[in-house]
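Enquirer: Quick one: structure below, then a few questions.
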Amino acid sequence: MLIPLATGIASLLVSGVFLSFSDFIMRGFLEAPDSAGSAAMQGLNRTVYRSLFMVLLIGLVPLSALLALAGIMGLLPGTPLLVLAAVLYLGGVMALTGRGNVPMNQHLDGLSPEAPETRIYWQRYARVWTRLNHIRTASSFAAGLLWIAAALPPAH
């Protein structure tokens, strides 16, 4: 039961990073003068690909699928928890990231921080991106708790 436990902890770590953005990073970027907030986000989006966060974020994809499959095949107890955790992570984190946050990041990356259209886009970007990030935070947190619950011995 070590793998579901480790997967749960990794998911909670991912959730913590997302929570930081939802709680204070994006608000701080919005309060930055002129184009500093959008420029900071552009830099962050470029460096995140070489981070431990990305190893956890992407590494949880195959683990999610494998744990759900192991539960369905009867190789691990806690099938409903394992499957629900995988659905939450794959849908509420990865699908949302791929269809929402990443395309917005790519569009922002193509803009010059000083351009007037960037200031307009940045206001919408920050609002929508953060709203999507709230969902990713909750989904990764819930998935992490479910994986940990699946790893615990059944109560007697």
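The values are calculated or read from the model by the stated rules, or taken from the named source; none is laboratory data. All values derive from a computational prediction rather than experimental measurement. Counting neighbours? That spans all protein chains shown, and the Cβs are built from the backbone with ideal geometry, glycine included. Only protein heavy atoms, including side chains, enter the accessible area calculation; ligands, DNA and RNA are left aside. Shrake-Rupley method; radii C 1.70, N 1.55, O 1.52, S 1.80 Å.
Enquirer: If I ask for residues that are part of a helix (DSSP H, G or I) and not hydrophobic (A, V, I, L, M, F, W, C), which ones from segment 44-69 would you list?
Expert: Selection gives Asn45, Arg46, Thr47, Tyr49, Arg50, Gly59, Pro62, Ser64.
Enquirer: Any chance segment 108-119 includes a residue that's assigned to a helix (DSSP H, G or I), without any contact (Cβ under 8 Å) to a residue 40 or more places away in the chain and out of contact with any strand residue (DSSP E or B) (no Cβ under 7 Å at 6 or more places or on another chain)?
Expert: Yes, some residue in segment 108-119 is assigned to a helix (DSSP H, G or I), without any contact (Cβ under 8 Å) to a residue 40 or more places away in the chain and out of contact with any strand residue (DSSP E or B) (no Cβ under 7 Å at 6 or more places or on another chain).
Enquirer: Still on this structure, I have one more. Here is a list: Val102, Val83. Which entry is more than 30 Å from Asp34 (Cβ to Cβ) and surrounded by fewer than 19 Cβ atoms within 10 Å (Cβ to Cβ)?
Expert: Val83
Enquirer: Go through segment 18-43 and give me each residue that's at pLDDT 95 or above and either open to solvent by 50 Å² or more (accessible area, probe 1.4 Å) or outside any helix (DSSP H, G or I) (or both).
Expert: Scanning segment 18-43 gives Leu19, Asp23, Phe24, Arg27, Leu30, Glu31, Ala32.
Enquirer: From Val102, Val93, Val14, which residue is in contact with a Leu (Cβ under 6 Å, 6 or more places away or on another chain), under 17 Å from Arg131 (Cα atoms) and in a helix (DSSP H, G or I)?
Expert: From the options Val102, Val93, Val14, the qualifying one is Val14.
Enquirer: Which residue out of Arg27, Arg50 is charged (D, E, K, R), touching a helix residue (DSSP H, G or I) at 6+ places or on another chain (Cβ under 9 Å) and free of Cβ contacts under 8 Å to residues at least 12 places away in the same chain?
Expert: Sole residue among the options that is charged (D, E, K, R), touching a helix residue (DSSP H, G or I) at 6+ places or on another chain (Cβ under 9 Å) and free of Cβ contacts under 8 Å to residues at least 12 places away in the same chain: Arg27.
Enquirer: Filter segment 56-72 down to the residues that are open to solvent by 40 Å² or more (accessible area, probe 1.4 Å) and either in contact with a helix residue (DSSP H, G or I) (Cβ under 9 Å, 6 or more places away or on another chain) or touching a residue at least 24 places away in the same chain (Cβ under 8 Å) (or both) and list them by number.
Expert: Leu56, Ile58, Val61, Leu63, Ala65, Leu66, Leu69, Ile72
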